[in-house]
Amino acid sequence: MRFSDIIGHDDLKQRLAAQIDAGRISHAQLFSGAAGHGSLPLALAYVQYLFCPNRHDGDSCGECPSCRQLSELAHPDLHFVFPVNKREKRSGEAIISDNFIDLWREIWREKSGIFSLEEWSDRLDLGKTMKGMITAKESEEIIRKLSFKSFSSEYKAMIIWLPETMNQEAANKILKILEEPWDKTLFILVSEKPELLLQTITSRTQEVAVGRIDTATLERVAREGGITDAAEAHNIARLANGSLLELQALLRGESDEARQRSFELFCRLMRLSYSDQHLDLFEWADDMTALTREGQRQFFLNAVRLLRESYMLHAGLGSISYLWGEEAAFCRKFAPYIGNQNIETLVAEIERAMLQIAQNGSPRIVFTHFALTVSKQINRL
């Protein structure tokens, strides 16, 4: 993948290329940003530029053997690590990324490197409760692979997608590698939640913040996706809020199942909270428990977004709202119940619950406590 294949981030791409041209290559880098911002394909484009012997004009050539191998995710000096798991695994069976590399290449080709953890979990067929992770065995494989000399390039590279899914033992082993790296070895951690990483890991990396894609670029993508009306393309681009994944969901229509499910759960929680129906809140918590971990995380992210938009409407800033359709209709009615008295507390409760779920807290306990806390806050107004 070349830099020219990456949507948006023109200044960042130029800066990354300039660093390589100047020989300023940090051995450990943290590409942080939401999946929809394109941090994973950007990391691959960076490696391709580094490996390419014929790079010019701020981009890899795309034609040499190295570039062709990288485009197929098959370069012998590039390794991938990502969260994995499987159903009905045998006792003592080692579950590592190499066992799923064909699935990884498959989803990469289909999605051009931009996909969510939920989409990857679905590809692994993990069901509702099982989640992928990076284990200590994976860390041992990283050490083994990188102990060999590079095959055809000057550098060896390891891209670790979602390092926040590492367990404690794996994180500690990765830390040892970062403390004493091999020469000409590059680690790129691609994280959506860098705050969940050990501080001792983040302190040893150079962060590359991959921000939202600008609205003008997303508007162009919307037109290329079949939106012919200029005003509609602009509105959809604004609603996507810098995310290609959100833009794709909007282009598919509001019937997107995951997005619709999160919206319905949010509406139900707020209505039950307003009416102080505690017994029904317990039932709501049970329904949340039935979701996959990624589905639960997506609910929280959408809840923060809808609370923010409701607060903006309450403050009279509807002109910069990123809502439409039934979301806009609900939040206009809900806005009077979100103000300075409770917005910070509600967002803090969401962040706390997200962290507890990420740390394998009991979903039933987490969501029951969360629902009751939200109910108290909504009634404060």
Kirkwood Rh over Cα pairs of the chain into Stokes-Einstein at 4 °C, 1.567 mPa s: D in µm²/s? 58
If each part is reduced to its alpha-carbon centroid, the range 174-219 and the range 1-80 end up apart, in Å, by 14
Around TYR46 (Cβ within 15 Å, Cβ-to-Cβ, excluding TYR46; K/R +1, D/E -1) the net charge comes to -2
Per-residue ellipticity at 222 nm for the chain, helices alone: DSSP H runs ≥ 4 residues times -39500 (n - 2.57), over residue total, nearest 500 deg cm²/dmol? -16500 deg cm²/dmol
For GLN206, other-chain or 5+-apart residues with amide H closer than 5 Å (H placed, Pro excluded) are ALA28, GLN29, LEU30
Inverse mean reciprocal Cα-Cα distance (Kirkwood Rh) of the range 84-142, Å: 12.3
Using only the Cα atoms of the range 258-378, construct the convex hull and provide its projected area averaged over every direction, in square nanometres to one decimal. 6.7
So which lysines can LYS111 reach, going by Cα to Cα under 26 Å and dropping same-chain residues fewer than 8 places off? LYS13, LYS86, LYS128, LYS131, LYS156, LYS193
Convert each backbone phi in the range 183-189 into a coupling constant with the Karplus relation 6.51 cos²θ - 1.76 cosθ + 1.60 (shift: θ = phi - 60°), then list the ³J(HN,Hα) values in order as whole Hz, x for Gly and Pro. 5, 6, 10, 10, 10, 10, 8
Would you kindly give the portion of the calculated P(r) for the range 213-253 that falls above 13 Å, as a percent of all Cα pairs? 33
Let me spell out the model: positive unit charges on the Cβ of Lys and Arg, negative unit charges on the Cβ of Asp and Glu, origin at the Cα centre of the chain. What dipole size does that give, in debye rounded to 20? 560
Hey, how much of the P(r) for the range 3-209 falls beyond 30 Å, as a percent of Cα pairs? 17
Karplus 3J(HN,Hα) series, Hz, for the range 211-228 with 6.51 cos²θ - 1.76 cosθ + 1.60 (x for Gly, Pro): x, 5, 7, 5, 4, 4, 5, 5, 5, 4, 5, 4, 5, 5, x, x, 7, 8
At the level of C-alpha centres, the distance separating the range 241-312 and the range 319-372, in angstrom, is 8
Run the dipole for the range 205-261 about the Cα centre, Lys and Arg Cβ at +1, Asp and Glu Cβ at -1, nothing else charged, and hand back the magnitude in debye, nearest 20. 40
Summed over the other residues with a beta carbon less than 11 angstrom from that of THR185, with K and R at +1 and D and E at -1, the charge totals 0
Give a quick list of trypsin sites (Lys or Arg not before Pro) in the range 335-381 that DSSP marks as loop, anything other than H, G, I, E or B, with at most 14 other Cβ atoms within 10 Å. ARG380
Charge tally for neighbours of ALA34 with beta carbon under 11 Å away, counting Lys, Arg as +1 and Asp, Glu as -1, is 0
Hey, what do the phi angles of the range 232-241 turn into as Karplus ³J(HN,Hα) couplings, whole Hz, using 6.51/-1.76/1.60 and θ = phi - 60°, x for Gly and Pro? 5, 4, 5, 5, 5, 4, 5, 5, 5, 6
What's the longest piece of the chain with no exposed GluC sites (Glu not before Pro), counting a site as exposed if DSSP puts it in a loop and it has at most 15 other beta carbons within 10 Å? 255-381
Signed unit charges on C-beta, dipole axis of the chain, positive-most listed residue ALA348, TYR337, PHE263: ALA348
Checking the cross-link filter: which lysines have an alpha carbon closer than 23 Å to that of LYS376, excluding same-chain neighbours under 8 positions apart? LYS333
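Any read-out appearing in this document is the output of simple, stated calculations on the displayed coordinates, not a laboratory observation. None of the values given here were measured: they were computed from a predicted structure. Note that each Cβ is placed from the backbone with ideal geometry, even for glycine, and that neighbours are counted across all protein chains shown.
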